[in-house]
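Please read the structure below before turning to the comments.
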Amino acid sequence: MTRRRPSPRSSRPSRRSGRGGGKLRIIGGDFRRRLLPVLDSPGLRPTPDRVRETLFNWLSAVTPGARVLDLFAGTGALGLEALSRGAAEAVLVERDPRVAGALTDNLATLGLRQAEVITADVRPFLASSPRPFSLVFVDPPFRQGLAGDCCAALEAGWLAEDAWIYLETETTLSPEVPATWTLHREVRAGDSTGRLYRRTGEAGESPEGDAC
């Protein structure tokens, strides 16, 4: 998961940017410790290793066989991690053609044929014909008011009945999510907070058991 995050620091060169210089490291699974190049693009940064490791520990029982949707994919750090850990398929949506092209190259390098990169803006994509996914990653650019709209749009057929949704936003934002989502865990890193939700199917219903 790599995102463009407008902030006072966005003009600084990222230590993880630069094709042939910056690298994305896959944490676990079949491609554990593989390093992939990260395109040199302002604000493009993989989610920190610690956050990804924590998230996928929570999702250890969920990821194998999952149908994954990675919105605002960037380098695809979360989508790639899920595929490495046994996800059955993944759709990664990224609007920047150069970034999407680099992501496609990395998928080819790993030989991941069960993944598809779609070059599109997320909002029009979510207005298209939906199909349900069991695991969804949502990490929109910060401070652009996209989180709430995207979460609401996912309820129009994009989520399996008991889907898991990871939402990452600026820490100062208290995101509005559908009433059918129950907060499971959250993790904070720097100026961002990641929240893992489970879709319960009915407002106010609590999920049975704890799959993570």
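Considering each residue of region 162-182 in turn, none proves to be over 15 Å from the mean Cα position of the chain (by Cα), of a type outside the set (D, E, K, R) and closer than 20 Å to Thr75 by Cα. Screening the candidates Ala87, Ala108, Ala127 for the property of being modelled with pLDDT of 95 or more and in contact with a strand residue (DSSP E or B) (Cβ under 8 Å, 6 or more places away or on another chain) yields one hit, Ala87. Screening the candidates Val62, Val117 for the property of being modelled with pLDDT of 95 or more, part of a loop (DSSP other than H, G, I, E, B) and in contact with a Ser or Thr (Cβ under 8 Å, 6 or more places away or on another chain) yields one hit, Val62. Among the residues making up region 183-205, those that are in a loop (DSSP other than H, G, I, E, B) and either among the acidic types (Asp, Glu) or in contact with a strand residue (DSSP E or B) (Cβ under 8 Å, 6 or more places away or on another chain) (or both) are Asp191, Thr200, Gly201, Glu202, Glu205.
When region 165-182 is filtered for residues that are in a strand (DSSP E or B) and within 11 Å of Thr200 (Cβ to Cβ), the ones remaining, listed by number, are Trp181, Thr182.
Do we have any residue at all in region 177-197 that's among the basic types (Lys, Arg), farther than 27 Å from Pro42 by Cα and surrounded by fewer than 18 Cβ atoms within 10 Å (Cβ to Cβ)? For region 177-197, residues among the basic types (Lys, Arg), farther than 27 Å from Pro42 by Cα and surrounded by fewer than 18 Cβ atoms within 10 Å (Cβ to Cβ): present. Taking the listed residues Glu81, Glu94, the one that is under 20 Å from Asp30 (Cβ atoms) and of a type in the set (Asp, Glu) is Glu81, with no other qualifying. Within region 147-164, restricting attention to residues that are free of Cβ contacts under 8 Å to residues at least 60 places away in the same chain and part of a helix (DSSP H, G or I), the residue that is surrounded by the most Cβ atoms within 10 Å (Cβ to Cβ) is Leu154. Residue pairs whose Cβ atoms lie under 7 Å apart, sitting 6 or more positions apart in sequence or on different chains, and linking a residue in region 173-194 that is over 20 Å from Pro48 (Cα atoms) to a partner that is modelled with pLDDT of 95 or more and among the hydroxyl-bearing types (Ser, Thr, Tyr), are Val177/Tyr197; Trp181/Tyr197; Thr182/Tyr197; Leu183/Tyr197; His184/Tyr197. Restricting region 118-146 to residues that are under 13 Å from the mean Cα position of the chain (by Cα) and among the β-branched types (Val, Ile, Thr) leaves a set whose member that is surrounded by the most Cβ atoms within 10 Å (Cβ to Cβ) is Val136. Among the residues of region 123-141, those that are outside any strand (DSSP E or B), touching a Lys or Arg at 6+ places or on another chain (Cβ under 8 Å) and closer than 20 Å to Ala82 by Cα comprise Pro132, Asp139, Pro140.
Only one of the numbered conditions (1) at pLDDT 95 or above; (2) in a helix (DSSP H, G or I) is not met by Val99, and that is (1).
Counting only residues that are closer than 17 Å to Pro42 by Cβ, touching a residue at least 24 places away in the same chain (Cβ under 8 Å) and more than 12 Å from the chain's Cα centre (by Cα), region 72-99 holds 4 of them.
The values are calculated or read from the model by the stated rules, or taken from the named source; none is laboratory data. Quantities reported herein were computed from a predicted structural model and do not represent experimental measurements. Here Cβ is always computed from backbone atoms with ideal geometry, including for glycine, and neighbour counts include all displayed protein chains.
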